[in-house]
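*Asks:* I have a structure I would like to understand better, so I am pasting it below and will then ask my questions one at a time.
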Amino acid sequence: MRVVKDMSEHTGLSEGDYGILGLLVELGNGVQVNITPAGKSAVIDSRPIVAKAIRKHFLDHLTEQDIELITTLAERIDKRFSD
């Protein structure tokens, strides 16, 4: 996947590294495992690169019709989980 390639090239993190470190950052210190300052920094520093890669390889290629369809689907899913 191009997004993972961009992230890895710019951050040195693998897809797995990013997933685990990102989860630990979101959970904070409420779990038995603590993220190191270096790990937390790596995830935080990589987020803008991942966001840029997602935009470049996916979002920039969507048409207005694609965006409307995705929005409709997201709203439908949100409604199902809200009920």
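*Asks:* Here is a check on your reading of the model: is R2 exposed (fewer than 12 other Cβ atoms within 10 Å of the Cβ) and in contact with a helix residue (DSSP H, G or I) (Cβ under 6 Å, 6 or more places away or on another chain)?
*Replies:* Details: exposed (fewer than 12 other Cβ atoms within 10 Å of the Cβ): yes; in contact with a helix residue (DSSP H, G or I) (Cβ under 6 Å, 6 or more places away or on another chain): yes.
Yes: the conditions hold for R2.
*Asks:* If I filter the range 48-83 down to residues being of a type in the set (K, R) and free of Cβ contacts under 8 Å to residues at least 24 places away in the same chain, which single residue comes out as surrounded by the most Cβ atoms within 10 Å (Cβ to Cβ)? Explain how you work it out, then say what you get.
*Replies:* Within the range 48-83, the first condition is being of a type in the set (K, R), and the residues that meet it are 52, 55-56, 76, 79-80.
Subset that is free of Cβ contacts under 8 Å to residues at least 24 places away in the same chain: 55, 76, 79-80.
Values: R55: 12, R76: 9, K79: 9, R80: 8.
So the residue we want is R55.
*Asks:* Give just the number: which of (1) among the aliphatic types (A, V, I, L, M); (2) out of contact with any Ser or Thr (no Cβ under 9 Å at 6 or more places or on another chain); (3) surrounded by 14 or more Cβ atoms within 10 Å (Cβ to Cβ); (4) not in a helix (DSSP H, G or I) does L13 not satisfy?
*Replies:* That leaves (2) as the condition not met.
*Asks:* Let me ask another. Can you name every residue in the range 45-69 that is polar (S, T, N, Q) and modelled with pLDDT of 95 or more? First the steps, then the outcome.
*Replies:* Step one: of the range 45-69, the residues polar (S, T, N, Q) are 46, 63, 65.
T63, Q65 - these are the residues of the range 45-69 that are polar (S, T, N, Q) and modelled with pLDDT of 95 or more.
*Asks:* Still on this structure, please answer the following. For the range 28-42, does any single residue satisfy the condition of being of a type in the set (V, I, T) and part of a helix (DSSP H, G or I)?
*Replies:* Quick first cut of the range 28-42, residues of a type in the set (V, I, T) only: 31, 33, 35-36.
Of the ones still in play, those that are also part of a helix (DSSP H, G or I) are none.
Scanning the range 28-42 turns up no residue that is of a type in the set (V, I, T) and part of a helix (DSSP H, G or I).
*Asks:* If you don't mind, there's one more thing I want to ask. Within the range 16-44, take every residue that is closer than 25 Å to F58 by Cα and exposed (fewer than 13 other Cβ atoms within 10 Å of the Cβ) and give me the one that is modelled with the highest pLDDT.
*Replies:* It comes out as I44.
The values are calculated or read from the model by the stated rules, or taken from the named source; none is laboratory data. These figures come from a predicted structure and were not determined experimentally. A quick note on method: Cβ atoms are made from the backbone with ideal geometry, for glycine too, and the neighbour counts reach across all protein chains shown.
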